[in-house]
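Chemist: One structure follows; several queries about it will come next.
Values in this text are rule-based calculations from the coordinates and carry no lab data. Predicted model only: the values in this text are computed from it and were never measured. Cβ placement follows ideal geometry from the backbone for every residue including glycine, while neighbour counts extend to all protein chains displayed.
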């Protein structure tokens, strides 16, 4: 089915500069989509380091299992991503497709198989021919270049717009660039969404330091978003560092010399995560849920995710109904400590309930006006401690049903 661009989409795809040590190409594989590219090949220069965060789903795809094996080696020369078929729950046939894909990409890049990374997204449970992707790769080597927007578009499934972000930072006196793109629209509740994210930098950073930063920042970005509460079999986030910027050596992820880089990396990751929510299937509202005053940050996040994943809360937002009782109910069932008489709920900056009941003289009009906007802010103060977390979600509309009810057709 044709998808209308999300009303929450950015006005334009960002301008992304060429990044030394990274070249990209796209093609149509013929696996599912017609009239559009659905296959991405990225080739990185020798010495590129890599870090990754992968789904914790126990039904992980064959590409995820390959990446899990490859990541401890810490080096990367090629990345292959296809859209339209997740190569998940495809048994030994799925493993054979990955092996053939890796072998072909390694031949093109002139590298060892464990320096090739793969990712797939799309329909689950439909095996591919072993050479379905491999046979398409060789001609792509002739078109490699700084093709960021085609790359971001090639990995889309139900996405309505391509998602990318870029930032610069300094390490010592050297300026480095961080550029990434991602896809995701439904099956988004990353646990490490159908979510794929690929970030590249020309900084020289060891794999272990990259991994420390990526794992930490994922919790505050990609692992703090939810469209529908469904974790994908294919969630893959990879960070590649080509080293071409020639910055001073760094030794570990907590090195103070990386403070600026770490902040820029988080900005890219959060931007991409927010774009995924803004493209949530059928979404018309971008919703921020902040929980403060919980017993711990982990408790705050658990409560916030319970609110954000509540179909009753999400449909109330869709209907522009300031039904704060649904938020109370979600807090109460989150499994974390809460006290009725300490709980406070604020929507759009307006305090609604406190001391165990609706605040005296509460005027719903400004809250209703806030609910009619595209940006919805919910604040829940538990009143018990210093734990705090923010998660992001979208509303739940009939558009979500329309898209997922006909996904395979």
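Chemist: Classify region 1-91: rounded, prolate or oblate, from the alpha-carbon gyration tensor (a ≥ b ≥ c, eigenvalue square roots; a/c under 1.5 rounded; otherwise prolate if a/b is larger than b/c)?
Modeler: Verdict is oblate for region 1-91.
Chemist: Which order do 303, 401 fall in if you start with the one that has the fewest other Cβ atoms within 10 Å?
Modeler: Listing 303, 401 from fewest to most nearby Cβ atoms yields 401, 303.
Chemist: Here's a follow-up. Between residue 141 and residue 298, take the C-beta separation as r, use R0 = 51 Å, and let me know the FRET efficiency to the nearest 0.05.
Modeler: 0.65
Chemist: Turning to a different aspect of this structure: Shape call for region 23-162 from the C-alpha gyration tensor, a ≥ b ≥ c root eigenvalues: rounded (a/c under 1.5), prolate (a/b greater than b/c) or oblate?
Modeler: rounded
Chemist: Shifting gears a bit: Can you compute the FRET efficiency between residue 103 and residue 59 using 1/(1 + (r/R0)^6), with r the Cβ-Cβ distance and R0 = 30 Å? Round to the nearest 0.05.
Modeler: Result of the calculation: an efficiency of 0.75.
Chemist: Obtain the nm distance between the two label points defined at residue 315 and residue 339 by a simple spin-label model: each point lies 7 Å from its Cα along the Cα-to-C-beta direction.
Modeler: Here the answer is 3.4 nm between the modelled labels.
Chemist: Quick one: of the DSSP bridges fully inside the chain, what percent are antiparallel, nearest 5?
Modeler: Here the antiparallel bridges make up roughly 70 percent for the chain.
Chemist: Would you mind ranking 167, 153 by Cβ crowding within 10 Å, fewest neighbours first?
Modeler: Exposure proxy ranking, most exposed first: 167, 153.
Chemist: Okay, moving on. Can you put 274, 398 in order, fewest other beta carbons within 10 Å first?
Modeler: 398, 274
Chemist: Further, regarding this structure: Can you tell me the FRET efficiency between residue 377 and residue 215 if r is taken as the Cβ-Cβ distance and R0 is 35 Å, rounded to the nearest 0.05?
Modeler: After rounding to 0.05, the efficiency reads 0.80.
Chemist: Per-residue ellipticity at 222 nm for the chain, helices alone: DSSP H runs ≥ 4 residues times -39500 (n - 2.57), over residue total, nearest 500 deg cm²/dmol?
Modeler: -8500 deg cm²/dmol
Chemist: Among DSSP beta bridges whose residues both lie in region 1-146, state the antiparallel percentage, nearest 5.
Modeler: 60 percent
Chemist: By the gyration tensor of its Cα atoms, with a ≥ b ≥ c the square roots of the eigenvalues, what is the shape of region 4-43: rounded for a/c under 1.5, prolate for a/b over b/c, or oblate?
Modeler: Cα axes put region 4-43 in the oblate bin.
Chemist: Count the DSSP beta bridges whose two residues both fall in region 286-405, then state the antiparallel fraction as a percent rounded to the nearest 5.
Modeler: 70 percent
Chemist: Okay, moving on. Find the centroid of the Cα atoms in region 238-255 and in region 8-50, then give the distance between the two in whole Å.
Modeler: Region 238-255 and region 8-50 have Cα centres spaced 22 Å from each other.
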